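Structure record follows, encoded as structure tokens.
The values are calculated or read from the model by the stated rules, or taken from the named source; none is laboratory data. Everything numeric here is computed off the predicted structure, so don't read it as measured data. A quick note on method: Cβ atoms are made from the backbone with ideal geometry, for glycine too, and the neighbour counts reach across all protein chains shown. For the accessible areas, the whole protein counts, side chains as well, though only heavy atoms, and no ligand, DNA or RNA atoms are used. Shrake-Rupley method; radii C 1.70, N 1.55, O 1.52, S 1.80 Å.
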Amino acid sequence: MQNPFFKQIENKTGVNMEEIFALANAIQYADFKNEKQVRKIVQRVSKLANKPVSKELEESIVKSIVQDGKSLDLSKIQKMLG
């Protein structure tokens, strides 16, 4: 990504913008009633954020999202991560 704005974000966060765009794309087209898809997204967010998620917490997040089935509420996940 050659855009200076995105380069600054990469430098400050250490997260590759291509990975963020790929994640955003996956979230946009995800079926939030599909546990497998939701689990992959939760694991991907955990990896990008460099925040390890225990199996118990992952299960709780996935269950919460699948039950709602409408969208991914990032603030809800952020609260669960502490």
I41 being within 21 Å of K55 (Cα to Cα), in a helix (DSSP H, G or I) and hydrophobic (A, V, I, L, M, F, W, C): yes
Residue selected from region 44-57 under the condition more than 11 Å from the chain's Cα centre (by Cα) and assigned to a helix (DSSP H, G or I), by the criterion farthest from M17 (Cα to Cα): E56
Residues (closer than 17 Å to S75 by Cβ and either in contact with a Gly (Cβ under 7 Å, 6 or more places away or on another chain) or open to solvent by less than 50 Å² (accessible area, probe 1.4 Å) (or both)) located in region 25-59: I27, F32, V38, I41, V42, V45, S46, L48, V53, L57
